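As structure tokens, the structure follows; a few thoughts come after it.
The values are calculated or read from the model by the stated rules, or taken from the named source; none is laboratory data. Note that this is a predicted model, so its numbers are computed, not measured. Every residue, glycine as well, gets a Cβ built from its backbone with ideal geometry; the counts of neighbours run over all protein chains shown.
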Amino acid sequence: MILSCNNIDKTFVDNHVIKNASFHIEDYEKAAIIGINGAGKSTLLKIIVGSLPADSGVVTFAKDKSFGYLAQHQAVDSENTILDELLTVKQEVLDLEMQIRRTEQDMKTAGGVQLEQLLNKYTNMTHRFEELNGYAYKSEVTGVLKGLGFEEADFARTVSTLSGGQKTRIALGKLLLQKPDLIMLDEPTNHLDLNSIAWLETYLLNYRGAVIIVSHDRYFLDRIATKIIEIDNGVVSSFSGNYSDYAVQKEQLRAAQMNAYLNQQREIKHQEAVIEKLRQFNREKSIRRAESREKLLDKMEVLDKPVEVNADMRLQLTPHRASGNDVMQIQGLSKRFDDNLLFENVSFEIKRGEHVAIIGDNGTGKTTLLKIINELLPPDTGTIRLGANVEIGYYDQEHHVLHMDKTLFDEISDDYPYLTNTQIRNTLAAFLFTGDDVFKQVRSLSGGERGRVSLAKLMLSEANFLILDEPTNHLDITSKEILETALNAYEGTVLYVSHDRYFINKTASRILELTHHAFVNYIGDYDYYLEKKEAMTPVSESAPAGSADDSAQKLEWRQQKENQAAIRKRENALKKCEEQIEALEQKSRLIDEEMTSPEVATNVARLQELAREKEALDEELSGLYETWEELSE
């Protein structure tokens, strides 16, 4: 065991964030902390690393174990180049390398006892150099930088000139190169593109240490996590397995809690009815029995009704009217900024009802394309033609559609003046803004809260063509699932940019990958895209074989796809079996009706024929019932 947390408790004023939490992390375990925004995930991490004191409880690390921590916004402040900044982690190796070179020079002119001493020193230094992987440190640093999305041309850039997200990536790279026994990462995928996230997954899967991650990226958690630590209303619970395993266990637990609550409520009502009846008898003995039951009822520990988090936020996307079949046609579109070409001669169409996801590396021009479509930027060349009755609803990841100085109430009422005060309040309440919250200024809101306001405006727009730029950014897992459900029920057309692979898998029917200044079209979800991408990637005969871990991951992925196919086959067989049963039962009912009709009741031959027919039906049904039970298991 590398980390133990016992009875951790934390309260901010009247907000009891962490309630008597206890859990542990084993060596080499990959754990994820999840919960809605504001649940206390980052608070728990800060308590573990000691940057925030707990009100009570003990955090214990195993002896002689090191840990590293990456906060959500841990920007590096340095005048070093990107490469030099990461090399600071390898200072011992750099110093050793310099000493080894100096000793090599000294040995050329030394002799006798001095040479023997230098040889011993040289042997010890080279042994330590090998232990620190000194001969490969340059390629290791370069590999981490490239994995995190930096090109070799970026290596000489000064760290102080980078964006906040790039600086956080530098901090992440330094932490990974330090290789502590326990890595703690708070939202590490926020500033990474799809390729960098995939690289980080592989890195952490093969990491020879323990990992704790706070993340809303469910695809990432499915790949990495072996344990889920959930914070729900301050209560911290542990679940074995990845996110999908947790979701199943959580649903089962919630169902069991709801059943226990309902059963207890039924028992309470039953006891109250009995007590009332006994009192109505108005006999000394019956009154004593009523009082006895009342005492037992008072001692009962009443269960709280389980809170269904998904029911809190209500999002329903309904177009005001249907668009034509041809929603958008793009011809010969190009865009560059100075010498940076984003895309050129791009042409594609979008039809009514399609859910199209645009993916690609950071900086390739995905958001720029959406801004051109929304006429926020002009194209260099090309045309964009919208179809008949197309009405656009735009969700901007930077929330530029919101006005920072307005209150939430004014933000809605100014754009939708026909709404009454009650309708505005009800809309905001559907997105968890109640009471005086509606008079907060937009600028005072968190990223997740601004996202909810933008979703509220999107819902009110009643548009039939939604254009969304990173709609899941800053949303917690629960809010993402609500958005997924709303989009899947939406009868209009959707075009969005996202790096949330789980979200893409759930909502996309088509993927456009922006790569090498052009779009590549894939008809399917993210898993289909990966499958096709792998099939199209040429394998060089001279290329080294993949590692055992890579092969195992591919085998596991293929096995998962085969299992999914087998499940779909069984589900289809079950549906077919149910249809056969329904048809035969209907036939059996018709025979019963015919046998009781006056015309047939006196016709012995027909009755016998119908009886034989019913017997055969019953026998066939009996076999189908058995088959149905087997398929249902």
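Consider the range 139-167 and keep the residues that are touching a His at 6+ places or on another chain (Cβ under 8 Å) and over 15 Å from residue 81 (Cβ atoms). The one that is surrounded by the most Cβ atoms within 10 Å (Cβ to Cβ) is 165.
Quick check on residue 516: is it buried (at least 19 other Cβ atoms within 10 Å of the Cβ) and either touching a helix residue (DSSP H, G or I) at 6+ places or on another chain (Cβ under 8 Å) or at pLDDT 85 or above (or both)? No. Listed by position, the helices (runs of 4 or more DSSP H) contained in the range 363-457 that have at least 3 residues being surrounded by fewer than 16 Cβ atoms within 10 Å (Cβ to Cβ) are 421-430.
Of all residues in the range 122-138, exactly one satisfies the criterion of being closer than 17 Å to residue 80 by Cβ and among the hydroxyl-bearing types (Ser, Thr, Tyr), namely 137. With respect to (1) surrounded by 15 or more Cβ atoms within 10 Å (Cβ to Cβ); (2) part of a helix (DSSP H, G or I); (3) not basic (Lys, Arg), the lone exception for residue 135 is condition (1).
Could you count how many residues in the range 317-336 are more than 13 Å from residue 369 (Cβ to Cβ) and in contact (Cβ under 8 Å) with a residue 60 or more places away in the chain? Qualifying residue count, the range 317-336: 11. Test residue 30 against the criterion of being at pLDDT 90 or above and under 13 Å from residue 183 (Cα atoms), and give yes or no. In short, yes. Could you tell me whether residue 508 is touching an Asp or Glu at 6+ places or on another chain (Cβ under 6 Å) and either modelled with pLDDT under 85 or closer than 21 Å to residue 223 by Cα (or both)? Criteria met by residue 508. Do you know which residues across the range 176-186 are part of a helix (DSSP H, G or I) and surrounded by fewer than 20 Cβ atoms within 10 Å (Cβ to Cβ)? Matches in the range 176-186: 177, 178. Against the test of being more than 29 Å from residue 232 (Cβ to Cβ) and of a type in the set (Val, Ile, Thr), the options 268, 358 yield a single qualifying residue, 358.
Among all positions in the range 144-167, there is at least one residue which is part of a helix (DSSP H, G or I), within 23 Å of residue 197 (Cβ to Cβ), of a type in the set (Gly, Ala, Ser) and modelled with pLDDT of 85 or more. So, of the residues in the range 562-584 that are surrounded by 13 or more Cβ atoms within 10 Å (Cβ to Cβ) and at pLDDT below 80, which turns out to be farthest from residue 202 (Cα to Cα)? Selected residue: 581. When residue 271 is tested against (1) in a helix (DSSP H, G or I); (2) within 21 Å of the chain's Cα centre (by Cα); (3) in contact (Cβ under 8 Å) with a residue 12 or more places away in the chain, only condition (2) is not met.
Residue pairs whose Cβ atoms lie under 7 Å apart, sitting 6 or more positions apart in sequence or on different chains, and linking a residue in the range 607-619 that is assigned by TED's automatic domain parsing to the domain that holds residue 588 to a partner that is among the hydroxyl-bearing types (Ser, Thr, Tyr) and assigned to a helix (DSSP H, G or I), are 614/588; 617/588.
Reported count of residues in the range 381-428, each being of a type in the set (Ser, Thr, Tyr) and within 17 Å of residue 461 (Cβ to Cβ), is 6.
Just one of the numbered conditions (1) more than 15 Å from residue 315 (Cβ to Cβ); (2) modelled with pLDDT under 90; (3) buried (at least 23 other Cβ atoms within 10 Å of the Cβ) is not true of residue 479: (1). Taken together, the residues in the range 47-74 that are over 26 Å from residue 173 (Cβ atoms), surrounded by fewer than 14 Cβ atoms within 10 Å (Cβ to Cβ) and either free of Cβ contacts under 8 Å to residues at least 24 places away in the same chain or of a type in the set (Val, Ile, Thr) (or both) amount to 4.
Matching residues to (1) modelled with pLDDT of 90 or more; (2) within 15 Å of residue 228 (Cα to Cα):
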position	(1), (2)
37	no, no
44	yes, yes
57	yes, no
60	yes, no
74	no, no
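Residues in the range 249-267 that are in contact (Cβ under 8 Å) with a residue 24 or more places away in the chain and surrounded by 14 or more Cβ atoms within 10 Å (Cβ to Cβ): 5 in all.
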